[in-house]
1. Show me 428-434, 302-308 ranked by packing, highest mean number of other Cβ atoms within 10 Å first.
2. What is the gain in length, in nm to one decimal, between Gln429 and Gln3 on full extension, counting 0.36 nm per residue of separation less the C-alpha to C-alpha distance?
3. So what is the relative contact order for the chain, in percent, with contacts set as C-alpha pairs under 8 Å and at least six apart?
4. Separation between the Glu311 and Asn367 pseudo-spin-labels, each 7 Å from Cα along Cα→Cβ, expressed in nm?
5. From the backbone phi of the range 173-183, what are the Karplus-calculated ³J(HN,Hα) couplings (6.51 cos²θ - 1.76 cosθ + 1.60, θ = phi - 60°) in whole Hz, Gly and Pro given as x?
6. How large is the translational diffusion coefficient of the chain in µm² per second when you combine the Kirkwood radius over alpha carbon pairs with Stokes-Einstein at 37 °C and 0.692 mPa s?
7. Relative to a virtual label point 7 Å from the Cα of Gln106 in the Cα→beta-carbon direction, which members of the range 289-319 show backbone nitrogen distances below 20 Å?
8. Among the DSSP beta bridges whose two residues both lie in the chain, what percent are antiparallel, rounded to the nearest 5?
Amino acid sequence: VTQHDARKLQSGAEVWADICIVGAGAAGIALARELTRTDLTVCVLESGGLGPDKATQELAQGMVTEGYFEEGSDQYLLHSRIRQFGGTTNHWDGACAPLHAVDFEQRDWIPHSGWPFGLEELEPYYPRAAPVCGVKPFEGSIDKVQGRGHPIFELPEGSGLEHRIFHHSNDRRFGTKYRRPLQRSDDVSLYLWANAVEIVTNEDARAVMAIRVETLSGVSFLARARAYVLAAGGIENPRLMLNSNAVQKAGLGNANDLVGRYFMEHVFFHRNSLVISKPIEKISAYERTAAPDGKYDTQVVFSLSPELRREHELLDSNLRIRTAEPDEWHKHSDAVRMIASDLDEVHPTDSKIARLRFIPELAPNPNNRVRLGTDTDELGLRRVQLDWRLTDFDKDSWERTLRLFAGVFPLAIGGRVRLGDYVESIGHQSHHIGTLRMHRDPKRGVVDADCRVHGIDNLYVAGSAVFPTAGGVNPTLTIVAMSLRLAEHLETTLEPEAPEVGDAGDDD
Ligand SMILES: Cc1cc2nc3c(=O)[nH]c(=O)nc-3n(C[C@H](O)[C@H](O)[C@H](O)COP(=O)(O)OP(=O)(O)OC[C@H]3O[C@@H](n4cnc5c(N)ncnc54)[C@H](O)[C@@H]3O)c2cc1C
């Protein structure tokens with residue numbers, strides 16, 4: 001049996017594997033699954049069980065002290081991640097898209113931007129990450145959508161507008177999808193109801209010796225391994241490092257005060273932005289359409305070209321169309337009514353009206369950060385205080401981007417765009433990015449290009465905490481691609497040593 005209920009272990013027990021993974025969400029499951037292809041043994045510590053549990057979920061409670069939310073909002077951290085096997089993929093929408101080459105670049109107008117490698121480093125992993133997330137690879141995907149009778153607008157050369165495509169997985173719950181394969185593997189031991197509460201190091205904190213684990217029922221044990229991977233999500237990973245302060249008082253790996261900083265999210269808003277376009281039959285590719293196997297949907301979106309963004313020094317973003325039928329117009333806001341009256345003048349019969357959902361990138365900012373508050377959870381761990389607010393640069397970049405969209409849209413596809421008030425109906429996408437950023441220089445990043453924590457020989461991080469910038473697309477496909485890459489690194493680093501030729505042993 002490779003699945004264990006940690007509540008039934010003896011307190012004081014020690015479990016052992018080559019690699020210990022903390023957290024079984026998208027990052028942890030993708031990594032564990034990939035490691036089953038190697039000779040390495042794996043132990044996965046998962047806080048929750050196979051289904052939801054209120055007391056376990058409550059461990060995720062924390063406060064947001066600044067940002068969009070009212071002062072002291074206590075709902076965001078509780079509801080934007082899920083603490084059970086499968087992690088937040090138990091709730092995610094399954095929208096997948098790879099990052100673009102420009103997202104990895106050091107963009108002079110965005111302080112702290114730049115990954116330690118370019119898109120080419122992840123290119124081998126994206127096509128393998130796509131099926132793990134339940135979608136097909138992206139190569140030639142826009143052409144295929146067109147081939148299935150969903151035409152897209154021909155964007156004039158130099159229009160500044162670009163198409164991108166999202167694949168939305170319909171087979172996306174990692175917990176359901178990968179439970180059996182992991183249970184069947186002899187090399188993976190899964191511990192449910194097992195909360196990592198401390199990363200235990202040697203006396204100079206250069207090596208991790210164990211993870212201390214506790215259950216809500218009071219069992220305490222140690223998980224020991226040759227290498228440890230934190231895959232508990234973009235908030236819990238830094239929380240665990242900050243709470244593990246027995247040797248390094250400011251928190252493990254935090255000598256340069258970087259752990260928890262540079263938090264990024266993806267927000268979205270409609271801002272009553274609308275396009276009137278014709279002809280109507282061209283819209284379907286831009287709405288969700290089912291791929292032939294029905295396993296995923298596709299959706300084409302708009303973005304500004306990298307050249308235009310570079311010229312205007314803008315963050316990345318994408319714009320999704322959501323059409324409204326004429327008999328629904330009255331349900332929308334004043335701006336829809338205003339544009340509808342424009343519409344009467346312009347194309348009285350055969351036009352389409354649409355809301356434009358704007359999803360921009362947020363710039364990395366050291367003051368947006370996961371800190372520890374004074375409250376503690378049921379297991380004695382200090383809870384999170386998240387500081388998060390928009391900078392003038394974010395707001396200014398979004399404003400200028402929307403105006404550029406409004407300018408180039410009519411030229412590229414016909415119609416009109418009307419912009420409403422700035423912050424109307426702003427929402428967040430529950431993406432937790434950047435809190436353990438990757439940089440070759442320990443003074444500028446918590447992990448190195450292999451996702452190993454600087455200064456600690458055997459501690460790694462999986463998940464979007466390591467992304468230096470967020471790009472304009474959802475993170476999970478890239479999280480999985482990075483987990484596949486990390487598996488390869490761990491395999492090469494920890495490979496069992498081959499016996500020397502001539503060693504005594506079985507001849508066959
Ligand atoms: C409503 C919603 C919609 C979303 N839609 C999309 C989308 O369409 N596309 C997209 O790309 N992303 C989406 N996301 C985000 C997506 O779910 C996350 O990017 C992804 O799940 C992150 O994977 P992860 O493994 O890093 O973290 P998680 O999936 O959160 O997994 C972390 C795991 O660690 C466990 N854990 C936490 N602390 C401990 C501890 N101390 N000890 C042991 N285990 C621990 C948790 O129980 C959990 O199982 C959405 C999120 C939400 C909430």
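1. Result, highest mean first: 428-434, 302-308.
2. That works out to 150.2 nm of additional length.
3. Once divided by the residue count of the chain, the mean separation gives 24 percent.
4. 3.3
5. Using θ = phi - 60°, the values come out as 7, 4, x, 6, 5, 10, 4, 4, x, 6, 4 Hz.
6. Approximately 137 µm²/s, per Stokes-Einstein.
7. Counting only backbone N, you get 310-311, 313-316.
8. Values: 50 of 76 bridges.
Close to 65 percent.
The values are calculated or read from the model by the stated rules, or taken from the named source; none is laboratory data. Since the model is a prediction, treat every value here as computed from it, not as a measurement. Here the Cβ is made from the backbone with ideal geometry for all residues, glycine too, and neighbour counts use every protein chain on show. Heads up: the accessible areas ignore ligands, DNA and RNA and are worked out on the full protein's heavy atoms, side chains in. Shrake-Rupley method; radii C 1.70, N 1.55, O 1.52, S 1.80 Å.
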